[in-house]
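Accompanying notes for the structure given below.
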Amino acid sequence: MASDGSITTRTISAQWNPERRDIVALIRLAGVPRALVVFLIALLLIGMLLSVGWRNDPVGRSFSFTLVFASAAVLFWVGVIAPVLVPRLIWNAHSAARRPTSLQITVDGVAVEQSVVSSTFTWAAVLLAIEGKNAFVLHVSSAVLSTPVVLPKRALRPEDIGPASELIRAYATRYRRR
């Protein structure tokens with residue numbers, strides 16, 4: 001950042017060989033939508049309250065047990081099981097997750113390059129940027145689906161982490177730090 005508060009036009013470059021821990025960082029940072037977690041917890045509590053009110057009604061007990069069990073099972077899946085299994089599945093199933101990658105961040109946008117594909121995104125296409133302890137995740141818009149771009153902080157020089165964070169924070173449509 002310049003002394004007048006404007007961001008300089010310097011290009012920040014990163015190159016890395018992806019590791020499975022990069023996929024783990026993606027899953028942790030992208031996470032489960034909070035609205036879904038709140039909804040499932042509300043269903044769990046409603047089921048518990050209904051089980052007290054319908055303790056003598058077999059149909060009501062069955063319904064409340066179903067609410068409690070189903071919401072608890074889904075919460076367990078999205079909070080515990082999926083974060084362990086999904087990174088392994090992505091790593092094994094998608095060769096793109098293992099290709100050496102380079103990325104450039106400028107005031108104009110983000111350019112990602114792998115051996116068989118390259119993409120350039122303007123900042124308007126970055127719908128959400130999430131900064132975590134070990135990585136940045138940029139959700140960039142393609143025609144229909146949001147595509148996550150993971151930038152591990154280990155791929156940046158230590159002196160580039162701060163300026164990269166400033167650029168992302170200044171130009172991404174939405175920015176969140178976790």
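The values are calculated or read from the model by the stated rules, or taken from the named source; none is laboratory data. Only a predicted model underlies this, so the values are computations on that prediction, with no experimental measurement involved. Because the Cβ atoms are built from the backbone with ideal geometry, glycine has one as well, and the counts that use them run over all protein chains shown. Just the protein is used for accessible areas: all its heavy atoms, side chains included, with ligands, DNA and RNA removed. Shrake-Rupley method; radii C 1.70, N 1.55, O 1.52, S 1.80 Å.
Residue check: residue 121 meets all listed conditions (1) surrounded by 14 or more Cβ atoms within 10 Å (Cβ to Cβ); (2) touching a helix residue (DSSP H, G or I) at 6+ places or on another chain (Cβ under 9 Å) but one, namely (2).
Residue count for the stretch 108-139, restricted to those that are under 20 Å from residue 177 (Cα atoms) and of a type in the set (Val, Ile, Thr): 4. Under 25 Å from residue 161 (Cα atoms), open to solvent by 40 Å² or more (accessible area, probe 1.4 Å) and under 16 Å from the mean Cα position of the chain (by Cα) - does that describe any residue in the stretch 128-137? Scanning the stretch 128-137, I find at least one residue that is under 25 Å from residue 161 (Cα atoms), open to solvent by 40 Å² or more (accessible area, probe 1.4 Å) and under 16 Å from the mean Cα position of the chain (by Cα), so the answer is yes. Of the residues making up the stretch 124-178, those that are in a strand (DSSP E or B) and small (Gly, Ala, Ser) are 129, 135, 141, 146. Among the conditions (1) without any contact (Cβ under 8 Å) to a residue 40 or more places away in the chain; (2) hydroxyl-bearing (Ser, Thr, Tyr); (3) farther than 20 Å from residue 22 by Cα, residue 165 misses just one, which is (3).
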